[in-house]
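To start, the structure under review is shown below, and the notes come after it.
The values are calculated or read from the model by the stated rules, or taken from the named source; none is laboratory data. The shown structure was predicted, so the numbers you read here are calculated from the model rather than taken from an experiment. No Cβ is skipped: glycine too gets one built from the backbone with ideal geometry, and neighbour counts run over all protein chains shown.
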Amino acid sequence: MNIRRSRLAVGTILATLALAGAAACSSPNQPAPGPAPGAPPPASDPAAAPGAGQATDAQRAALGQAHQGALALVALGGLGAQQGASEQVRTLGPQLQEQGQSLDQQIRSAANAQGVALGDQLSAQQQSMLADLQSRTGQPFDQAWLRAALDMQQQARDAANAVLNDPNATPEAEAAAQRTLAQLDALLAQLRQAAGEAGSATPGSVNAGTGGQAATQTAPIGAIGLIGLGAVLLGGVGWWWCRRRA
Amino acid sequence: MVVSPPRLTVSRRRRWPAVLIACCGVLCVLIGVVLVAVRPAAEAGGALGTGGTAPAAPESLPAAPGTVPVALALPARGIGAPIVAVGTDPDGGLVVPDPPSTVGWWAPGALAGSGSGTVVLAGHVDSRVEGLGVFAVLPELAAGEPVWVRGRDGRVIEYEVVARRQFAKAQLPAELFARDGAPRLVLITCGGRFDRSTRSYADNVVVYAVPAPAPTPAHR
């Protein structure tokens, strides 16, 4: 799956929201940071605040990717609702969809305020991730879907926490991150519980042998036996030799 | 007139059984020492590696559609096995199919033939009831050996072995289950010392394989 690539876009949502909420952008002397997941909001610059209608290229890119990330959440949620095998996934799907729509709404508002036009297409990587999920059915679909949803949620959380931990973050950016975290937390607990029940957790162990027929300790025991036999033989010869000499 | 044999000849005749026994003793000791010295190296990684870390992953390939794996083949050894989807049990252990002739695919992971992520297959090395499992062969797999995975859509995805590692069970790397990164196949079973009281092995044997560079059209 290309989950990592779609995480990149999802992770930018928070940074972009923080950016929009805080009316922040890059300083004139420093290029705007790229839309990496967890990126803290750039330093404040009133000249490029939402509403000023002067979005930098970096802001346009961030808004575009954040929008695609929100669209991916919507699509992922819709897929869960449509193709989920368990009741849990079919219930969580629409909730994820709703969360994505809510985030997208905010991103669109920020984009409109800055005069940035947004497309409606998912990235190739996001489409690949969805195609990967679509080719699964039944419980394997649920397991992979839950992992994908958890990954997206976790990346969004990481981005929010990065904003909160940034000493340079504006109060508005922190407030936006807090709101988003609260929104994410509500769904995260349900996703984790469903993932545990569906068997989606990363395994910590693999127990794949109960017979002992393939055990490797027989060879060392044989080797030790050989050494012992050799020692006895050499000892016997030595004893005989000494006695004969005497 | 009777001529007595020289004293030296008698002495040699008496001595040769002792020399023979001494030679046998030396041989036994040498073989034993070699077995003891060589075995841990083989267990730690065999001919394919000696470290406890996973091999470096190659660069990611372009995104490609994956397929649910349904059968595994080791063509060089004439071994085949069906694959079933498995997950993680509530205790955090990977569910391994009971019949040792069947292999489990960790379903939350990557699809076979996908452009990214790790396809994880696990199988029993042996079973108390049914004897040796299909993955008992893993400690013998050599670098470059082909591994074929057939998908539900009929495609055969070809991989080739690049490394083998042995980890203590408690130290099995979580990155084996990565669903991102370069595409690869990982085969997991048990190995090392067997504890008869708990009926479990101390280690996991892990074989790493990557997509074969040039799949032959005949297998498509």
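Pairs under 6 Å by beta carbon, first residue of a type outside the set (A, V, I, L, M, F, W, C) in segment A:218-232, partner surrounded by 14 or more Cβ atoms within 10 Å (Cβ to Cβ) and at pLDDT 70 or above, six or more apart or different chains?
A:230/B:25; A:230/B:28; A:230/B:29
For segment A:136-189, enumerate the residues that are touching a Leu at 6+ places or on another chain (Cβ under 6 Å), at pLDDT 85 or above and more than 11 Å from chain B (Cβ to nearest Cβ).
A:149
Every residue, every condition in (1) within 14 Å of chain A (Cβ to nearest Cβ); (2) over 30 Å from residue A:134 (Cβ atoms); (3) modelled with pLDDT of 60 or more, yes or no:
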residue	(1), (2), (3)
B:26	yes, yes, yes
B:63	yes, no, no
B:67	yes, no, yes
B:83	yes, no, yes
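Out of B:100, B:108, B:90, which single residue is within 9 Å of chain A (Cβ to nearest Cβ), assigned to a loop (DSSP other than H, G, I, E, B), closer than 24 Å to residue A:193 by Cβ and touching a Phe, Trp or Tyr at 6+ places or on another chain (Cβ under 9 Å)? Quick ask: steps written out before the conclusion?
Details: B:100 fails: closer than 24 Å to residue A:193 by Cβ; B:90 fails: touching a Phe, Trp or Tyr at 6+ places or on another chain (Cβ under 9 Å).
Just one listed residue meets the conditions, B:108.
Yes or no: segment B:109-117 includes at least one residue that is among the hydroxyl-bearing types (Ser, Thr, Tyr), at pLDDT below 95 and buried (at least 24 other Cβ atoms within 10 Å of the Cβ). Give the derivation first.
Of all residues in segment B:109-117, those among the hydroxyl-bearing types (Ser, Thr, Tyr) come to B:114, B:116.
This time we only want the ones that are at pLDDT below 95, so: B:114, B:116.
Those left that are additionally buried (at least 24 other Cβ atoms within 10 Å of the Cβ): B:114, B:116.
Yes: segment B:109-117 contains one or more residues that are among the hydroxyl-bearing types (Ser, Thr, Tyr), at pLDDT below 95 and buried (at least 24 other Cβ atoms within 10 Å of the Cβ).
Residue B:173: under 23 Å from residue B:107 (Cα atoms) and either within 10 Å of chain A (Cβ to nearest Cβ) or surrounded by fewer than 18 Cβ atoms within 10 Å (Cβ to Cβ) (or both), yes or no? Before the answer, list the steps.
Working: under 23 Å from residue B:107 (Cα atoms): yes; either within 10 Å of chain A (Cβ to nearest Cβ) or surrounded by fewer than 18 Cβ atoms within 10 Å (Cβ to Cβ) (or both): yes.
Criteria met by residue B:173.
Of the conditions (1) assigned to a loop (DSSP other than H, G, I, E, B); (2) surrounded by 20 or more Cβ atoms within 10 Å (Cβ to Cβ), residue A:176 clears all except one; give me its number.
(1)
Can you go through B:142, B:178, B:163 and tell me which one is touching a residue at least 60 places away in the same chain (Cβ under 8 Å) and under 30 Å from residue A:134 (Cβ atoms)? Break it down stepwise before answering.
Working: B:142 fails: under 30 Å from residue A:134 (Cβ atoms); B:163 fails: under 30 Å from residue A:134 (Cβ atoms).
Exactly one of B:142, B:178, B:163 is touching a residue at least 60 places away in the same chain (Cβ under 8 Å) and under 30 Å from residue A:134 (Cβ atoms), namely B:178.
I'd like the residue in segment B:176-196 that is within 7 Å of chain A (Cβ to nearest Cβ) and under 17 Å from residue B:83 (Cβ atoms) and, out of all such residues, is surrounded by the fewest Cβ atoms within 10 Å (Cβ to Cβ).
B:177
If we scan segment A:180-187, do we find a residue that is over 30 Å from residue B:95 (Cα atoms), among the β-branched types (Val, Ile, Thr) and in contact (Cβ under 8 Å) with a residue 12 or more places away in the chain?
Scanning segment A:180-187 turns up at least one residue that is over 30 Å from residue B:95 (Cα atoms), among the β-branched types (Val, Ile, Thr) and in contact (Cβ under 8 Å) with a residue 12 or more places away in the chain.
Residue check, residue A:212 against (1) buried (at least 21 other Cβ atoms within 10 Å of the Cβ); (2) on the phi > 0 side of the Ramachandran plot, all met but one. Which one?
(1)
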